[in-house]
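Throughout, read-outs are computed from the coordinates displayed, never taken from laboratory work. All values derive from a computational prediction rather than experimental measurement. Neighbour counts are summed over all protein chains in view; Cβ atoms, including those assigned to glycine, are modelled from backbone coordinates with ideal geometry.
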Amino acid sequence: MLEIRNARKDFECGNVMKRTVLDHLSLHLDDGEFVTIIGSNGAGKSTLFNAICGTFLLDEGSIRLDEMNMTMMPEHRRARYIGRVFQDPMRGTAPNMTVEENLSLAHSRSTANPLSFAPTRQEKALFRDRLSEFGMQLEDRMKTKVGLLSGGQRQAVTLLMCTIVTPRLLLLDEHTAALDPGAAAKVMEITRKIVSDGHLTTMMITHNMSAALTTGTRTLMMENGKILFDLSGEQRANMTTETLLDLYSTTTHAKFDNDRMLFEKAGHA
Ligand SMILES: Nc1ncnc2c1ncn2[C@@H]1O[C@H](COP(=O)(O)OP(=O)(O)O)[C@@H](O)[C@H]1O
Ligand SMILES: [Mg+2]
């Protein structure tokens, strides 16, 4: 369960100017909910994730994850409970370590040997098993340095690292946006499997509106640090990219501005 109440964050812009990037935002996620998030550039989507992870403290409001009040908790402690995958495939893994060493490091968080990256025999069997479920032949490359893998393979390894010890919350920030369409589709398929097998409470930012509407059970549209729409059930099931963009325009009297999404719409995906 994630409970964000009245979250406000201002960033300085210039000497005296302040910009409210999270504007009294409230949000409740039940256990196992898979929520997708869309919004124009600069809407505050990544800032919301930073606030949840503790990259900075809120200026106002509170954040709870299950029984924990995280509002004042430092980032490194929150990291024990939260898995996060970024857009950049270089970011989640250590390139000079092998696939199994990276996974072992992530898995060691749950064992008596924190920060250990020499995998035990049982760990190797576990990693091979989990990797083989992806259908990317990664189980045959456990001794390959991660830096030699493709972007899609790296994101798959990062996803497994973030979930090999079950996180209380999984945050995906455009984690397929830097991949070619084939790899992006594959990583999305793996994502859906990991989330559904582990019943993980998940938030996924995406620029792909149709993926947002068809993945998970709920879609948030953010705008100016607020949640503009919170779609679920029948309303979401009946929504298409076009009707959602129309709803956006009539509500905000503006055109949706997400360069990457419009680029893809023009057929350059
Ligand atoms: N650390 C920071 N300092 C100042 N401004 C920031 C910082 N992080 C983000 N911003 C600003 O906050 C706004 C929201 O950014 P972001 O959350 O990254 O948007 P997006 O919805 O595209 O992920 C942007 O205007 C961005 O420039
Ligand atoms: Mg962002």
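Rg(Cα) of region 87-140 divided by 2.2 N^0.38 Å?
This ratio for region 87-140 stands at 1.15.
Taking every DSSP beta bridge with both residues inside the chain, roughly what % is antiparallel (nearest 5)?
Percent antiparallel among DSSP bridges in the chain is about 55.
I need the fraction of alpha carbon pairs in region 131-203 separated by more than 17 Å, rounded to a whole percent.
Percent of Cα pairs beyond 17 Å in region 131-203: 40.
Within region 31-53, what residues put their amide N at less than 19 Å from the label point 7 Å along the Cα-to-Cβ vector of S249?
39-41
Expressed as a fraction of 2.2 N^0.38 Å, the rule-of-thumb size for a compact globular protein of N residues, what is the C-alpha radius of gyration of region 13-90?
Rounded to two decimals, the normalised Rg is 1.20.
How long are the three semi-axes of the equivalent ellipsoid of region 181-240, in whole Å, if each is the root of 5 times an eigenvalue of the C-alpha gyration tensor, listed from largest down?
Largest first, region 181-240 gives 21, 14, 12 Å.
Evaluate E = 1/(1 + (r/R0)^6) for H199 and K18, where r is the Cβ-Cβ distance and R0 equals 51 Å; express this FRET efficiency to the nearest 0.05.
Result of the calculation: an efficiency of 0.80.
Helix-only estimate, please: 222 nm mean residue ellipticity of the chain, summing -39500 (n - 2.57) across DSSP H runs of length 4 or more and dividing by its residues, to the nearest 500.
-10000 deg cm²/dmol
What aspartates and glutamates sit close enough to K9 to cross-link, taking a C-alpha to C-alpha distance under 13 Å and skipping anything fewer than 8 places away on the same chain?
Partners found: D23, D59, E60.
Using 0.36 nm per residue, how much length does the chain from E75 to D257 gain when fully extended, once their Cα-Cα distance is taken away?
62.4 nm
Take every Cα-Cα pair in the chain and report what % of them are more than 34 Å apart.
20
Treating the beta-carbon of each Lys and Arg as +1 and of each Asp and Glu as -1, no other charges, what is the dipole magnitude of region 116-251 about its Cα centre, to the nearest 20 debye?
700
Straight-line reach from K145: which aspartates and glutamates have a Cα under 15 Å away, not including same-chain ones fewer than 8 places off?
E100, E101
Where the centre of each part is set by its Cα atoms, how far does region 184-201 sit from region 137-172, in angstrom?
Using only Cα atoms to place each centre, the spacing works out to 12 Å.
Lysines within cross-link reach of K143: Cα-Cα under 29 Å, excluding same-chain residues under 8 positions apart?
K124, K186, K193
Would you work out the relative contact order for region 41-111, in percent, from Cα pairs under 8 angstrom that are 6 or more residues apart?
The value is 19 percent.
When only Cα pairs under 8 Å and 6 or more residues apart are kept, what is the percent relative contact order across the chain?
Relative contact order of the chain: 25 percent.
Using the alpha carbons of region 48-187, what is the convex hull volume per residue in cubic angstrom, as a whole number?
117
Between F11 and K124, what is the label-point separation in nm under the 7 Å Cα-to-beta-carbon projection?
4.6
Which whole-percent values make up P(r) of region 114-262 when all C-alpha to C-alpha distances are grouped in 5 Å steps starting at zero?
In whole percents, the pair-distance histogram is 2, 8, 16, 19, 17, 13, 9, 7, 5, 3, 1, 0.
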